[in-house]
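Chemist: Encoded as structure tokens, here's the structure I'll be asking about.
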Amino acid sequence: MAKKKQKKGEQKPKSKPIPNVLGSAITQTLQRFCLTNDEVFTFEADLSKRERAFVHDVCRKMGMKSKSSGHGDQRRVSVYKSKLQMETMKFSEKTKTVLDDLFSMYPPDDGELGKETVGNHNIKADKQRRKKDDIFWRPSTTKEELMKKLGSYTMKSVANMKKISEERSKLPIASFQDVITSTVESHQVVLICGETGCGKTTQVPQFLLDYMWGKGETCKIVCTQPRRISAVSVSERISYERGENVGSDIGYKIRLESKGGRHSSIVLCTNGILLRVLISEGLGKLTMEASRKSWKNVASDLTHIIVDEVHERDRYSDFILTILRDLLPSYPHLRLILMSATIDAERFSKYFGGCPIINVPGFTYPVKSFYLEDILSILKSSEENHLDDTVGVSDGEPELTEEDILALDESIEMAWLNDEFDPLLEFVASGGSSQIFNYQHSVTGLTPLMVLAGKGRVSDVCMLLSFGAMCELQAKDGTTALELAERGDQKETAEAIRKHLETSTSNSKEERRLIGAYLAKNSNSVDVRLLEQLLGKICLDSKEGAILVFLPGWDDISKTRERLSINPLFKDASKFLIISLHSMVPSKEQKKVFRRPPPGCRKIILSTNIAETAITIDDVVYVIDSGWMKEKSYDPYSNISTFQSSWISKASAKQREGRAGRCQPGICYHLYSKFRASSLPDFQVPEIKRMPIEELCLQVKLLDPNCKIEGFLQKTLDPPVFDTIRNAILVLQDIGALSLDEKLTELGKKLGSLPVHPVTSKMLIFAILMNCLDPALTLACALDYKDPFTLPMLPSERKKAAAAKAELASLYGGHSDQLAVVAAFDCWKNAKGRGQARFCSKYYISSSTMTMLSGMRRQLEMELVQNGFIPEDVSTCNLNACDPGILHTVLVAGLYPKVGRLLPPQKRGKRAVVETCSGSRVLLHRHSLNFELSLKQTDNHPLIVYDEVTRGDGGTHIRNCTVVGPLPLLMVAKDIAVAPAKMSDNCKGGTENNNNGNDEAGIDETAQEKMDIENKSNQQPEEMIMSSPDNAVTVVVDRWLQFWSKALDIAQLYCLRERLSSAILFKVKHPNGVLPPVLGASMHALACILSYDGLSGISLESVEMLTSMVNATEIGQFAPGKSVGTHKKNSKPK
């Protein structure tokens, strides 16, 4: 029946709105229904048409469906939940019981968590812990004792010491001893540019020590190295040269390991160790006034600080230089010596006010270089021995004596400066040695060929070329013989050199063809097969000499090692000793690289750039340089990080090449072309400009709580951009390390004391409170290093590998890349012995990575013990280590604020995207366990936490993530706000309200009237939101994620959050202390709640077991809440 048409100009009768009280009652009834487990709710049949219309309207706005049925006075409205409604956070009955018990015993009280509960920070205990390590304090030795020690040093094992003394005197730096000591005496900062092999690393500390002892003064000389292995090996070498054991006058201190003490006059340490010492002493707060008050600290006792390999520009060394530049005026006795082989000397000198520069020539034996085109040709003609005519390795060529070197230097100078060529030509004619033809002047780097070419001596140039002089050699300023000829307008000479180059590279077209075909098939990565072939060729063409292989990271080391292990040539352990060298390998294992293998056995070292500087492996003859290194880069504008292989710099290539000529002539094979070599950058980008700097920003505040972070970092040699600093400060504020006005908090002070990222530190403290430490250690190390899962090549194997990873993740709730790692480590650890190898094989896991993670966990555990956070017996810290609900919350604590929401695909064939807090949308990587979720059309918007957003060839991705429920996020989030429950506006077009008959359709309300109804029904005074326990409220997390909940549940959650913050604060102030009763009971209750409801909101899917391996390890299938009884019994505070 058609509606009666309204006459023109006639006003529509205004419908009477329902009373406010009734509207509020209906709205609250619907909100309470949202929080129940019921799927449908039906109102009584006593509602009027207008009231039923109001129900339909509110349901539509809340994202629910409604339907009227029945006739006359039996007409009712039924309401159905829609899958698109806002997610709900609600407590289970077990959780409600726990909370009732907690708050009946310890009711919420605004004043209960004051100073009396948390207590004051025990500064005295902290100082006592610091005083135990006195290795950086000056020895308390008298002048008489020094003289006696100096005398005994000269008398030690006379025969052996005489030999060592002779070796030291032959080092190029020996003749600079007086220059160095006098310059250091008269200047506070000195820069020593010492070429590779000059002896600066081992000799300069001894020069300074002998000089101080000669004056009858004690000293404390701290020498920093960029890596642990360098610190240990250099201390051992210096001790050997002084005829004593490490730990006496010469000591070292690296992470979790040290030898020596206050009596040690020279201490080798890593950059990170020195930085922590400077910061722990609060040296940034010192002024001249404080200094005049003789405030006792480490800087008062240090006499010399040597920063070696300063060219590497790691973030710690840059930070140290900035601190020391500010510190030096307050400590006029302190001397700073910067040392490097390759450095922009003038720039560093200017940074320190024009400090003096001492240039020391180096000495290395001749090194022949092969590049990719040469290597491909060598491998192609496999029947020929490519080492037969190699420069510098023939046993028949005598080494140049010291007299020869001095005479050659003088003859080159006379020819170049005075045009006196006879001495040089006599040398060339009489010597007949490639070491003479290719000798480079110790200061300028000029060769005889360069001098004669620059002077236009055509016939002499041709003679040298016929003798085998190398055109490719470069002087110190980078010029070649051809360039010198062209620069001097010596056209005939230049033409002769060009013709020789063309003749000597007659196979250049073939080389170009070979290299073109090779690069077409090989992407930008290390070619392990080519490396295997080259190693085989070297070993077939020569009988002895260690081989040092530079690789980017552990992945490439493992792949190469595995490949060699199945090669018939290399798998004989009696003939080949294959050693892996990586920064995370324990010091004991690292030291094996310095030992010579037994006769008939060849040593092959697979190393990262750890072996690039400051260590000498004296039996290395052959170096293979992959040209790659692992480098982390960071885009502050998109807040995206990458950790990938990148090309090395020319400075690094030079260092790697020099490793082959330290103790004898050698050969370096560069696995990249000559063109690539010429296009490498001069130096690597400083680490401080290409990495997130949360740790450094926190260290700045620990150094001086009153300074502004940006202001301090602007003083560094290469300051990070503003966006990098801002992003770091926001992260530190999110985790409570800094306040909103950038003040350092008590929590921040303690987070900075652990050698891991501040977010990871907070996760560990939370895990300790929850008695869930063991998996947290695994997570911390995996986040810092890598996960252990391998990627098979065959598609069928990849499917099995994915299923195996999913199976492991299912032990702790599923849908988690990170928890798959935890489960994998637990299974591997429990498998033991041979079972570990079988487990790794079945579950596609890298055994070497698991071993590495195991070592890292032990180190981190020791740090926690040393800082007093945990007892030496950690078994009591792991009572809840297998509880998925608690474990999910620990993980959220370790990854927050990296939280996202999975938005399902809008169309078939499209992939879901992850919306992050910044509003950006990224894809899940296909290697993630949760990738399948991104292909399903679903009404759910699951929450995920992730480790980082990375950019690659396929776009921007999240590779490792975990699906989590709302409770863990609500417990650890920075901000949660409560508002009246509002209508869902993210369900547009998602509901269809059917009134099944048109008894409500005649009620035609204006838009303004509808707005009035909504406003009146939802406008509650702010203080009234939480007034009724059953009020439905909207919880907003970090201003973007919203959840339904009840007022009572959120009020209790607020209280638990406050007590958790207080417990964490108590733990950082009193690491060994027992939590006060209210906090202890609250943490026990929180652990129970997380065990019951930590997985609430996640739909778990069963995963078919591939094998029974997991059951055999006794981790077992763990259902949520299964171990709560044990948990409750064991973790209750005493």
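Chemist: Which links in Lys170/Lys259; Lys200/Lys708; Lys829/Lys898; Lys220/Lys603; Lys259/Lys743; Lys220/Lys762 stretch past 32 Å when you go from one Cα to the other?
Modeler: Violating the 32 Å Cα-Cα cut-off are Lys200/Lys708; Lys220/Lys603; Lys259/Lys743; Lys220/Lys762.
Chemist: Is there a quick way to get the dipole size of region 130-360? I mean about its Cα centre, with the Cβ of Lys and Arg at +1 and of Asp and Glu at -1; what is the value in debye to the nearest 20?
Modeler: In debye, rounded to 20, region 130-360 gives about 640.
Chemist: I would also like to ask the following. For Arg347 and Ser574 in the same chain, what is the full-extension length gain: residue separation times 0.36 nm, less their Cα-Cα distance, in nm?
Modeler: 76.6 nm
Chemist: A follow-up question, please. Which of Leu879, Leu540, Leu22, Leu424 comes first, and how do the rest follow, when ranked by fewest Cβ neighbours within 10 Å?
Modeler: Listing Leu879, Leu540, Leu22, Leu424 from fewest to most nearby Cβ atoms yields Leu540, Leu22, Leu879, Leu424.
Chemist: Further question: With a sphere of radius 11 Å drawn around the Cβ of Pro755, what net charge do the other residues whose Cβ falls strictly inside it have (Lys, Arg +1; Asp, Glu -1)?
Modeler: -1
Chemist: I've got another one for you. Of Lys575/Lys630; Lys592/Lys650; Lys650/Lys674; Lys632/Lys786, which ones are farther than 21 Å apart at the Cα?
Modeler: Lys575/Lys630; Lys592/Lys650
Chemist: Quick one: compute the contact order of region 692-748, relative version, from alpha carbon pairs under 8 angstrom and 6+ residues apart, as a percent.
Modeler: 36
Chemist: Separation between the Ser920 and Glu492 pseudo-spin-labels, each 7 Å from Cα along Cα→Cβ, expressed in nm?
Modeler: So the label points at Ser920 and Glu492 sit 6.5 nm apart.
Chemist: What dipole magnitude, in Debye to the nearest 20, does region 665-772 give about its Cα centre under +1 on Lys/Arg Cβ and -1 on Asp/Glu Cβ?
Modeler: In debye, rounded to 20, region 665-772 gives about 240.
Chemist: Residue farthest toward the positive end of the dipole of region 510-685, with Cβ of Lys/Arg at +1 and Asp/Glu at -1: which of Leu531, Ser673, Ser542?
Modeler: Final value for the positive-end residue is Ser542.
Chemist: If I model a spin label at Val865 and Phe103 as a point 7 Å from the Cα along the Cα→Cβ vector, what separation in nanometres do I get?
Modeler: 4.2
Chemist: Calculate the spin-label point distance for Arg595 paired with Cys663, positioning each point 7 Å from the Cα along the beta-carbon direction, and give it in nanometres.
Modeler: So the label points at Cys663 and Arg595 sit 1.5 nm apart.
Chemist: What FRET efficiency, computed as 1/(1 + (r/R0)^6) with R0 = 25 Å and r the Cβ-Cβ distance, is obtained for Leu417 and Ala174, rounded to the nearest 0.05?
Modeler: The value I calculate is 0.45.
Chemist: Karplus couplings for region 406-417 from phi (6.51 cos²θ - 1.76 cosθ + 1.60, θ = phi - 60°), rounded to Hz, Gly and Pro as x?
Modeler: Couplings: 5, 5, 5, 3, 5, 5, 5, 4, 4, 5, 6, 8 Hz.
Chemist: Calculate, for Val1036 and Thr36, the FRET efficiency according to 1/(1 + (r/R0)^6) with r their C-beta to C-beta distance and R0 25 Å; round to the nearest 0.05.
Modeler: The value I calculate is 0.70.
Rule-based calculations on the coordinates, nothing more; no lab input. All figures in this text were calculated on a predicted structure; none of them were measured in a lab. Quick reminder, even Gly has a Cβ in these numbers, built from the backbone with ideal geometry, and neighbours come from all protein chains shown.
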